[in-house]
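The structure appears below as structure tokens.
The values are calculated or read from the model by the stated rules, or taken from the named source; none is laboratory data. Just so we're clear, the structure is a prediction, and the values are computed from it rather than from any experiment. Neighbour counts run over all protein chains shown; Cβ positions are idealised from the backbone, glycine included. Surface accessibility is based on the protein's heavy atoms, side chains included, excluding ligands, DNA and RNA. Shrake-Rupley method; radii C 1.70, N 1.55, O 1.52, S 1.80 Å.
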Amino acid sequence: MSETSTKDFSVIGKSVPKIDARDKVTGRAKYAGDLKVPGMLIGKILRSPHAHARILNINTSKAMELPGVAAVITARDVPSTFYGISPARYDETILAIEKVLQVGDKVAAVAAVDEETAVKALALIDVEYEVLPAVLDPLRAMDEGQPQVHPQYERNISVEIHQDFGDVEKAFRESYVVRTDCFQGNRATHVPMEPHAAISKWENGKLTIWSSSQSPHYFQYHISRVFGLKMGDVRVIKAFVGGGFGGKLEPSAAEYVSAALAMKTGRPVKIVFDRKEVFFHNRGRHAQHIELTTGVTKEGKILGVHAKFIIDGGSYTSLGIASAYYAGAMLPLIYDFDHFKFDGLRVHTNLPSCAAQRGHGAPQPRFAFESQLDMIAKELGMDPIEIRKVNARQPNTTTLNDLKVNSCEFTACLDKATEISDWAGKKGKLPPGQGIGIGCGGFITGAGYPIYRTRLPHASAVIKISEQGDTATLYIGAVDIGQGSDTILAQMAAEAVGINYEDVRIVSADTETTPHDFGAYASRQTLMSGHAVKQAGDEIRRQIIELAADLLEANAADVDIDRRVVFVKGSPEKTLTFENVANEFFIRKGPLVGKGSYAPPKLGGKFKGAAVGTSPAYSFAAQISQVEVDEETGQVMVTKVWDVHDCGTVINPSLLHGQVEGALFMGMGEAMYEQVVFDDKGKPLNANLGEYRVPTALDVPEVISELVDSYEPAGPWGVKEVGEGATLPTMGSYANAIYDAIGVRLYDLPLTPEKVWRAIQDRKKLL
Amino acid sequence: MVTAIKKGNLHVVRLVVNGEEHAALVKSNTTLLDLLREEFDYTGTKKGCELGDCGACTVLMDGKTVNSCLVLAVEANGHTVTTIEGLERNGELDRLQEEFINQAAVQCGYCSPGMILSAKALLVRNPHPSEREVREAIGGNLCRCTGYVRIVKAILAAAEANS
Ligand code: FES
Ligand code: FES
């Protein structure tokens, strides 16, 4: 589909400019750290230098005496309520109570007139620690005799998962080839360009927080719980958000500590993390140790899969329980097989906490699976595309773990990727040192269940038409973190009402002025918030049509609206302008408002953990990469990538391809160089953007992003997700392309030149 | 460089920002970034790392790009600085700004001000850059959202409009 495709729609399907682009290119857009509230103080957090230590004493008196300091707080001054975001695993506190569990853990905090004073005051706080032995190796964390990170999690086990579908042993016995391989993932992290930031204001018993948040709702829920306030007395307002990628889904110390300091001082307090603190807070990708066994028939049909994971959760639970379940739950999605065993262990270490990052727990297992599938294809003498086509999921099927798939054009993605990359002309035919490889993926379009138990709908929307009928304002709790939800939801509102995109204003994500929505995670908003918007727009359209029918003396069934013209079908002379009808509506009946809400149907099976992976719809993708490897240095150059996506109806083609491109680059960073590394005391060695390398404009594969025609019945106008699914195929496709180029197989992420070079040397030794 | 006048612990700095004369009393260790953001409220200049790694704080000093987090306010004394707020003239956007909008080169927008200013400096010294030259010019500006694809397109489109 080209970028100008319109299908039958008036507003959706078009690459309209982003609703907030002008504010962003002129510098007018205010992010939380840009805001200034009168009387505001600056907050800073004292962080632990040790990975694991008991706090014996904290002396704040010298810091208190420093002129300009308004407050110094420790755990004694704040609620000791445990918080988190995985229900039943709340294990973090605003400030460390007895022990610190990682380098960078939160020990005390200061509010002062300016940043310099606050930083000076931190240096005057005296903390006496008893340093404890730390657990740094996830593979040994569960051994007897290892230090305990949390007293309540025996042997440091955060969650243990055993799921068993069918009879995998029997499947292996009946298989022609059974392979077991071990893979190791890396500790990557989100790196939003905007560090976490919040301003808290405490006035008349009400807490207002401006924040860089992916979910004002979850922030409001957790912050009110921790401080013992009514939800209605906590207002969370999303400022412009400079990227999230999963790292801003739960409140961080920026919110909790600034709120505590605001309550203590009675003045607004701003906390902006420095880059190091973003690494300490983390919540990035879990490094997964994966043992994968797969059995296939002679024809390449997958019979059974056994996946075992040990994943490094770091210090706190955060959203890590879900991450651990996602690791296995997404494996049966894109290929169809009947027998599956999934054993997972998430363990605690004294390292920064891991949680959800774009693609959640799924990208590393997908890397393992796509790599192994290629190895199996080689053993069978099959083409890698062929083995994928033999197993590709088909529409209207249910996976073995009870995920119901409606639309699925995975096979079409494979065909198109094969064609546009000239796979047949290249596979096995490229000059030495060059190779081509495929990787695939698929992802949920919103989680079937919210993160905590509640009967609230997942999304809701209100559209209000102005009194003159010239503009419409969409009030919605969906969160634009850069992906463009404000824009596509405004397009949807215009389409549903029958007006133009330019007529729509949007007020998004303020828990007081906009209706409830769970926010930006799990690729949920286009479908879920989109449903709410469509319903709200339809309600307005209905009201306009009813009144217009009256005014035009026509049958309501014959009246329609398109781009502000209200007309009687078949009688071209009988028209009214939208503003006339809307204005008349206001005069006769008062505000013209439409509202909508959405909750997914009940989804999923009955087994433990069945909720994870459920979704109203799934995206699918195939990605082919071409690489050039320098055998002398191990340097890998990705020269071209072809990505073909099945993401349902497209609302804004430019923004959609922008998601694919961005996700692909993020996947590339994870595949090639990203990894947080620590010294033997658990101190991060590269907690900065110079040494934690993310892709720059000079890392230049050419990207061809294409789509296949697809319509998702569960989505409004047939939509489904794209933002996260596109991170999944990349790592596997690179690893497979490198194998094709030089005949060495890499099992450990990231695929650095050193690893490539060593693998080449090992191969030479064997020859 | 014009030496800033010292007043006790503070220095008087005078500089032209976006065509307007500005003066402020600053500490020796105040960065140009903080001066712009905190004193003059040019918050379009972003803070991403404070180490010169990300380019979010890029501004033009006498037409050349600098990471304003690495420039001391006193070093900017007597110089001319352009921030993102200075590109729009009488309500009219710079061609680069327009192309960033047209080509959907903006996602979260946090990198956009620095990115646009790096591109501006490039197009002033080299009105018809190659794609490689564009990529080199923004090589120090990190973007985590876009994969740079549309940013490069936007800059090339703005250059095209130069001819
Ligand atoms: S803030 Fe100056 S380069 Fe990052
Ligand atoms: S658009 Fe988000 S960092 Fe560039």
What FRET efficiency comes out for A:ALA599 versus A:THR633 if R0 is 35 angstrom and r is the Cβ-Cβ distance? Round to the nearest 0.05.
0.05
With a 1.4 Å probe and every protein chain kept in, tell me what percent of the accessible surface of the protein assembly as shown is carbon plus sulfur.
50
Which of B:THR58, B:VAL81, B:GLY8, positive extreme of dipole for segment B:5-85 (C-beta unit charges):
B:GLY8
Kindly compute the accessible surface that chains B and A hide from a 1.4 Å probe when together, both sides summed, and give it to the nearest 100 Å².
4000
Under unit Cβ charges (Lys, Arg +1; Asp, Glu -1), what dipole magnitude, rounded to 20 debye, does segment B:95-161 have relative to its Cα centre?
120
Please work out the average accessible area per residue across segment A:448-492, using the 1.4 Å probe convention, and give it in Å².
32
Shielding by partners, peptide A:26-36 (average Cβ within 10 angstrom, other chains):
6
Shielding by other protein chains, B:146-155, mean Cβ within 10 Å:
6
In segment A:110-183, with Lys and Arg counted as +1 and Asp and Glu as -1 at Cβ, which of these residues, A:ALA141, A:THR117, A:ALA171, has the Cα nearest the positive end of the dipole, that is, farthest along it?
A:ALA171
Protection proxy ranking of A:152-160, A:292-300, B:5-13 - average other beta-carbon atoms within 10 Å, highest first
A:292-300, A:152-160, B:5-13
Surface per residue (accessible, 1.4 Å probe) for segment A:324-376, Å²
11
Quick calc, chain A, dipole around Cα centre from Cβ unit charges on Lys, Arg (+) and Asp, Glu (-), nearest 20 debye, gives 1320
Can you give me the C-alpha center-to-center distance between segment A:696-745 and segment A:598-671, rounded to a whole angstrom?
5
Could you tally the net charge around A:ALA412, taking each other residue with its Cβ under 9 Å from the Cβ of A:ALA412, Lys/Arg +1 and Asp/Glu -1?
-3
Entries of A:LYS99/A:LYS201; A:LYS206/A:LYS681; A:LYS30/B:LYS27; A:LYS426/B:LYS120 with Cα pairs more than 31 Å apart:
A:LYS206/A:LYS681; A:LYS426/B:LYS120
Each label point is 7 Å from the Cα along the Cα-to-Cβ direction; what then is the distance between the points at A:THR398 and A:ASP560, in nm?
3.9
Residue-level accessible surface for A:HIS162, protein heavy atoms, 1.4 Å, Å²
120
Arranged from highest to lowest average of other beta-carbon atoms within 10 Å per residue, in what order do the peptides B:31-38, A:711-718, B:99-106, A:351-358 appear?
A:351-358, B:99-106, B:31-38, A:711-718
Surface per residue (accessible, 1.4 Å probe) for segment B:95-161, Å²:
31
Within 10 Å of each Cβ of A:167-173, how many other protein chain Cβ atoms are there on average?
0
For a quick protection proxy, order the peptides A:319-331, A:683-695 by their average other-Cβ count within 10 Å, most packed first.
A:319-331, A:683-695
Using 1/(1 + (r/R0)^6) with R0 = 35 angstrom and r between the beta carbons of A:LEU139 and A:ILE704, what's the FRET efficiency to the nearest 0.05?
0.30
I'd like the residues of segment A:619-667 whose 1.4 Å-probe accessible area shrinks by no less than 20 Å² going from the isolated chain to the full set of protein chains.
A:SER654, A:GLY658, A:GLU661, A:GLY662, A:PHE665, A:MET666
Give the lysines reachable from A:LYS298 as a straight Cα distance under 24 Å; neighbours fewer than 8 places away on the same chain don't count.
A:LYS170, A:LYS341, A:LYS378, A:LYS389, A:LYS427
For chain A, calculated [θ]222 nm from helices alone, where every DSSP H run of n ≥ 4 adds -39500 (n - 2.57):
-8500 deg cm²/dmol
Going by the alpha-carbon gyration tensor, a ≥ b ≥ c the square roots of its eigenvalues, is the protein assembly as shown rounded (a/c under 1.5) or, if a/c is not under 1.5, prolate (a/b greater than b/c) versus oblate?
rounded
Nearest-20 debye value, segment B:5-85 charge dipole, Cβ charges on Lys, Arg, Asp, Glu:
240
Distance from the Cα centre of segment B:122-163 to that of segment A:311-343, in angstrom?
40
Segment B:101-119 scanned against label point 7 Å out from A:ILE420 along Cα→C-beta; backbone N under 20 Å for B:103-105
Which residues' amide hydrogens lie under 5 Å from the amide hydrogen of A:ALA29, considering only partners 5 or more residues apart or on another chain, with H built in the peptide plane?
A:LYS24
Quick calc: nm separation of the 7 Å Cα→Cβ label points for A:LYS230 and B:GLU133 -> 6.4
Name the residues of segment A:688-728, by number, that are at least 50 Å² less accessible with every protein chain in place than in the isolated chain; the surface is that of heavy atoms, probe 1.4 Å, without ligands or nucleic acids.
A:LEU689, A:ALA697, A:LEU698
Rounded to the nearest 0.05, what FRET efficiency is calculated for A:ARG179 and A:VAL131 with R0 set to 56 Å and r the Cβ-Cβ distance?
0.80
